[in-house]
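Here is the structure we will look at.
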Amino acid sequence: GISVTPDGTQGSTATGLNVDLHIPQESTLNPVGLSEADVKNTKVTLPAGVQISPSAADGLLACSEEQIGLHSADVSSCPDASKIGKVEIETPVLAEPLTGAAYLAAQNANPFGSLVAMYVVAENRRYGVRIKVAGQITLDPVTGQVVTTFNETPALPFGDFKLDFFGTSRAPLTTPPLCGTYSTETAIEPWSGTPAVNPASSFQITSGPGGAPCANPQPFTPGFESGSTNLQAGAFTPFTVTM
């Protein structure tokens, strides 16, 4: 199962996003039963209208492939300014969770060569466990939906994978502009080879920005004006362009 909820219910507002991927583990340590299969591939498609927020770019850095060291057991050296969220992973084989962060990957210089990507790093130093995984982020060419994919994640059991994207006005995402119900779709494939399952999660947008009434859909009608401020021929003049 999966739960995806924004920080609030206002539309067209920068928001954090709280994601919890839950895999039941009650039978994992049962010696006489079948344990839950481990997750291999996870694809999460956010609702139409949830967008990447340009406001998050102010002061935001990125983590390079050298800094993350995906294929190294060393501690990652991603800059703090590249963090976009915090991570917690609960597993039945450890008495304590793994904790860490999500980082923005460098543009085009990441394992996917993509415009946007992310890294997840989580560890528990007491038990000497550290994991690093890369997530590909794409935009659906038809709907514009944000799609995040993690492929071939470690074949180890976990009960909850929690990823909380930071909030405030510089949050990395924005809520949809219109009131209504919005659903996150997933495809979660196990290492056992059985077909993927497709749990979903929904949230409500109940008002416009700042609690204002919900807006009606607006047509796409951009305006354009330009011209000089001095009408004298052959003379110097400022020139203004307004979109």
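The values are calculated or read from the model by the stated rules, or taken from the named source; none is laboratory data. Values in this document were obtained by computation on a predicted structure and should not be read as measured data. Every residue, glycine as well, gets a Cβ built from its backbone with ideal geometry; the counts of neighbours run over all protein chains shown. In case anyone asks, the SASA skips ligands and DNA or RNA and just uses the protein heavy atoms, side chains included. Shrake-Rupley method; radii C 1.70, N 1.55, O 1.52, S 1.80 Å.
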**Message:** Would you confirm whether or not the stretch 151-159 contains a residue that is closer than 21 Å to I68 by Cβ and among the aromatic types (F, W, Y)?
**Reply:** yes
**Asked** Could you list, in sequence order, the residues of the stretch 13-55 that are among the aliphatic types (A, V, I, L, M), out of contact with any Phe, Trp or Tyr (no Cβ under 9 Å at 6 or more places or on another chain) and under 30 Å from P177 (Cβ atoms)?
**Response** A14, I52
**Message:** Yes or no: the stretch 179-189 includes at least one residue that is touching a Pro at 6+ places or on another chain (Cβ under 8 Å), part of a loop (DSSP other than H, G, I, E, B) and either of a type outside the set (V, I, T) or crowded, with 17+ Cβ neighbours inside 10 Å (or both).
**Reply:** no
**Message:** Residues to consider are S226, S201; find the one that is surrounded by 11 or more Cβ atoms within 10 Å (Cβ to Cβ), of a type in the set (S, T, N, Q) and not in a loop (DSSP other than H, G, I, E, B).
**Reply:** S201
**Complete:** Within the stretch 25-47, the residues that are open to solvent by 50 Å² or more (accessible area, probe 1.4 Å), in contact (Cβ under 8 Å) with a residue 12 or more places away in the chain and in a loop (DSSP other than H, G, I, E, B) are L29, S35, E36
**Item:** Output for the stretch 48-64, where each listed residue is under 18 Å from V120 (Cβ atoms) and either part of a loop (DSSP other than H, G, I, E, B) or within 15 Å of the chain's Cα centre (by Cα) (or both)
**Value:** I52, A56, L60, L61, A62, S64
**Complete:** Counting only residues in the stretch 83-102 that are among the small types (G, A, S) and more than 14 Å from K132 (Cβ to Cβ), the one surrounded by the fewest Cβ atoms within 10 Å (Cβ to Cβ) is identified as A95
**Item:** Conditions (1) in a loop (DSSP other than H, G, I, E, B); (2) surrounded by fewer than 18 Cβ atoms within 10 Å (Cβ to Cβ); number of the one not met by A171
**Value:** (2)
**Request:** Among residues belonging to the stretch 65-80 that are surrounded by 15 or more Cβ atoms within 10 Å (Cβ to Cβ) and not hydroxyl-bearing (S, T, Y), point out the one that is farthest from A122 (Cα to Cα).
**Result:** E65
**Asked** Do we have D80 as free of Cβ contacts under 8 Å to residues at least 24 places away in the same chain and not β-branched (V, I, T) here?
**Response** yes
**Asked** Could you say whether any residue in the stretch 28-45 is hydrophobic (A, V, I, L, M, F, W, C) and over 24 Å from A155 (Cα atoms)?
**Response** no
